[in-house]
Amino acid sequence: MSKPFILYDTRHYSTVDAIAGYAKWAPTYDATVDNQLDIPLLSNLQTLPWLKINKAVDLGCGTGRIGKWLQNQGISDIYGVDCSSEMVNLAAAKQIYTQLDIVDITQTSLPSCSYDIAVTSLAVCHLPNLYALYTEVARLLQKGGLFVLVDYHPFFLLRGIPTNFDCENGESIFCTFI
């Protein structure tokens, strides 16, 4: 999207960047996010050799939903990266990850050529530069490594439907880019 979201927002909802939005959403995220947005898609992947995957990186790990799913696939060495300290703190409490880093998923400090698989789910919609993500994933993956990306279509943003949630006070908050 080349123009700021506010130019498309005909409803004039409260709009914040993704870091501020997820800080507010973190306490209720697990109870309010719809698992039907990504878990069925991941579960239907037929071509991934789960038994051969030893080390994974969960980019945009949030509260650890996808990390838990990866663990259920038999992966025990999982690294999580997210830009929201509030979300990472919730992920840490679940004790799923080997390591958690609070950093932009397009510029991690994780070692190069170290992961069998990189997964990102429901995070890419907040990135203004997909090239930076693909470059970072290529750096992180071992030769023959796999990248799984699940996100909604950017057409939603153009239709004025960004990632959103309701605060405890009932206010709707919409999250744009990082």
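The values are calculated or read from the model by the stated rules, or taken from the named source; none is laboratory data. The model shown is predicted, which means the values in this text are computed figures rather than measured ones. Cβ atoms come from the backbone with ideal geometry, glycine included; neighbour counts cover every protein chain shown.
Would you call Gln73 over 15 Å from the mean Cα position of the chain (by Cα) and within 23 Å of Leu37 (Cα to Cα)? Spelling it out, Gln73 is indeed over 15 Å from the mean Cα position of the chain (by Cα) and within 23 Å of Leu37 (Cα to Cα). Only one of the numbered conditions (1) at negative phi; (2) modelled with pLDDT of 95 or more is not met by Asn35, and that is (2). Scanning the stretch 110-127 for residues that are hydroxyl-bearing (Ser, Thr, Tyr) and either assigned to a strand (DSSP E or B) or more than 12 Å from Ala138 (Cα to Cα) (or both) yields Tyr115, Thr120, Ser121.
For the stretch 33-67, a residue qualifies if it is closer than 19 Å to Leu100 by Cα and surrounded by fewer than 16 Cβ atoms within 10 Å (Cβ to Cβ), and exactly one does: Asn54.
Considering the stretch 91-100 alone, what residues qualify as being in contact with a helix residue (DSSP H, G or I) (Cβ under 8 Å, 6 or more places away or on another chain) and either surrounded by 18 or more Cβ atoms within 10 Å (Cβ to Cβ) or among the β-branched types (Val, Ile, Thr) (or both)? Within the stretch 91-100, Ala91, Ile96, Tyr97, Leu100 qualify.
Could you count how many residues in the stretch 68-85 are in contact with a helix residue (DSSP H, G or I) (Cβ under 7 Å, 6 or more places away or on another chain), closer than 19 Å to Cys125 by Cα and not hydroxyl-bearing (Ser, Thr, Tyr)?
So the count comes out to 3.
Here is a yes/no grid of residues against (1) touching a strand residue (DSSP E or B) at 6+ places or on another chain (Cβ under 6 Å); (2) more than 28 Å from Thr15 (Cβ to Cβ); (3) modelled with pLDDT of 95 or more:
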position	(1), (2), (3)
Leu48	no, yes, no
Cys61	yes, no, yes
Gln71	no, yes, yes
Asp77	yes, yes, yes
Ala91	yes, no, yes
Gln107	no, no, yes
Ala123	no, no, no
Tyr134	no, no, yes
